[in-house]
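Asks: Encoded as structure tokens, here's the structure I'll be asking about.
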Amino acid sequence: MNKYLDIAPEVAQALAEGRPVVALESTIISHGMPYPKNVETALLVEQTIRDNGAVPATIAVIAGRLKAGLSHEEIEHLGKAGRGVAKASRRDLPALVARGADGATTVATTMIIAHMAGIRIFATGGIGGVHRGAEVTMDISADLEELAQTPVMVVCAGAKSILDLGLTLEYLETKGVPVIGYGTEELPAFYTRKSGFGVDYRVDSPEELAAIFAAQRGLGYRGGMLVTNPIPEEYSMDKAVIDAAIEQALREAKEQGIHGKETTPFLLAKVVELTGGDSLESNIRLVLNNARVASLTAAALAKNGQL
Ligand code: PSU
Ligand code: MN
């Protein structure tokens, strides 16, 4: 085992016994939602995973240790400290580890740590991608490179249209990352079920997701795959409302010269500010929905001894 990694006893035991485990990220806790909703949601997501027969492993960096599985106190700490905790993507781990610092893991670093721990399936809300205007700024999330090189299945609700969704799909195609629609032929756009862009494959059951993931492993590929699961109809948002908020958020980011790792958290916080509690509630619901699909898929993999 990696010398910087701590696996929580419950998670280690489940992995040793071949039982299903689902990884969760922590940037969504510290940078994605306001306190105390972020902590309540993190605990509710863990409970949803348990209710669907898997063991949750929320991932973060605590005092320089890579953690697969957090205590409630650690989740409370990350939620309360909020933006005071460093957002940790791939390039941040060496410094955080060396300094003994805390870090809230993005999709990229959660994949890295999940893989180190032997966890195959990871549920989240939305992933990073190719930003609008990336042809000039070159702002492309490290999440996409991680999907290209780390063998973890990421179950999300697509990506927000703060990104250029078309370019994000092109990038994933180039990198050989399968993009699967769960019960849909169209890439969902996080708050809404449709984006106007098609996915590579539509899959309608956790068993088939598990089979494709197992085949990817069997082929010896090193990368992961992206499962996009649309927000439940009853929680999806009005496209015009969300588009207007995103346009305004993008304008303000430009005016204020926001760039680098601040861009995504700035845009996400602005959208929540502009759309109020509605978008927060939608966000929570779609994460719970992804946790359920991820748990059932981990269970299907475990059943076939493919974990
Ligand atoms: N998109 C969302 N919600 C999020 C994120 C992105 O809809 O919480 C977070 C995730 O942790 C993701 C990260 O991995 O932002 C991407 O940041 P960047 O674009 O700086 O790579
Ligand atoms: Mn970026």
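Asks: Go through the range 75-134 and report how many residues are within 16 Å of ligand 2 (Cβ to nearest atom), in a loop (DSSP other than H, G, I, E, B) and in contact with a strand residue (DSSP E or B) (Cβ under 9 Å, 6 or more places away or on another chain).
Replies: The total comes to 7.
Asks: A further question on this structure: Do the conditions hold for Ala249, that is, is it aliphatic (A, V, I, L, M) and crowded, with 17+ Cβ neighbours inside 10 Å?
Replies: Here the answer is yes, as Ala249 does meet what is asked.
Asks: Related question: Considering each of Pro94, Pro56 in turn, give the residue that is more than 13 Å from ligand 1 (Cβ to nearest atom) and within 17 Å of the chain's Cα centre (by Cα).
Replies: Result: Pro56 is the single residue among Pro94, Pro56 that is more than 13 Å from ligand 1 (Cβ to nearest atom) and within 17 Å of the chain's Cα centre (by Cα).
Asks: Right, something else. Taking only pairs six or more apart or across chains, which ones have beta-carbon atoms under 7 Å, a first residue in the range 172-197 that is over 21 Å from Asn283 (Cα atoms), and a second residue that is of a type in the set (Lys, Arg)?
Replies: Sorted first by the residue in the range 172-197, then by its partner, the pairs are Glu185/Arg202.
Asks: Let me ask you something else. Is there any pair with a first residue in the range 36-63 that is at positive phi and a second that is surrounded by fewer than 16 Cβ atoms within 10 Å (Cβ to Cβ) whose Cβ atoms are under 6 Å apart and which are 6 or more apart or on different chains, and what are they?
Replies: Matching pairs, first to second residue: Ala63/Gly100.
Asks: Then there's this: Checking the conditions here, which among Ala298, Ala269, Ala249 is more than 16 Å from ligand 2 (Cβ to nearest atom) and either part of a helix (DSSP H, G or I) or within 21 Å of Leu169 (Cα to Cα) (or both)?
Replies: Of the residues listed, the single one that is more than 16 Å from ligand 2 (Cβ to nearest atom) and either part of a helix (DSSP H, G or I) or within 21 Å of Leu169 (Cα to Cα) (or both) is Ala298.
Asks: Can you tell me which residues in the range 1-42 are among the polar types (S, T, N, Q) and either under 15 Å from the mean Cα position of the chain (by Cα) or assigned to a loop (DSSP other than H, G, I, E, B) (or both)?
Replies: Those that are among the polar types (S, T, N, Q) and either under 15 Å from the mean Cα position of the chain (by Cα) or assigned to a loop (DSSP other than H, G, I, E, B) (or both): Asn2, Ser26, Thr27, Ser30, Asn38, Thr41.
Asks: Among the candidates Leu286, Leu268, which residue alone is at pLDDT 95 or above, within 12 Å of ligand 1 (Cβ to nearest atom) and not polar (S, T, N, Q)?
Replies: So the residue among Leu286, Leu268 that is at pLDDT 95 or above, within 12 Å of ligand 1 (Cβ to nearest atom) and not polar (S, T, N, Q) is Leu286.
Asks: Pairs please, first residue from the range 18-34 and closer than 18 Å to Val55 by Cβ, second anywhere and away from ligand 1 (no atom under 12 Å from the Cβ) and of a type in the set (Ser, Thr, Tyr), Cβ atoms under 8 Å, 6+ apart in sequence or on different chains.
Replies: As it stands, the answer is Pro20/Ser295; Val22/Ser295; Ala23/Thr58; Leu24/Thr58; Glu25/Thr58; Ser26/Thr58, since those pairs meet every condition given.
The values are calculated or read from the model by the stated rules, or taken from the named source; none is laboratory data. As the structure is a computational prediction, the values presented were derived from the model and not from experiment. Positions of Cβ are generated from backbone atoms using ideal geometry, with glycine treated the same way; all protein chains shown enter the neighbour counts.
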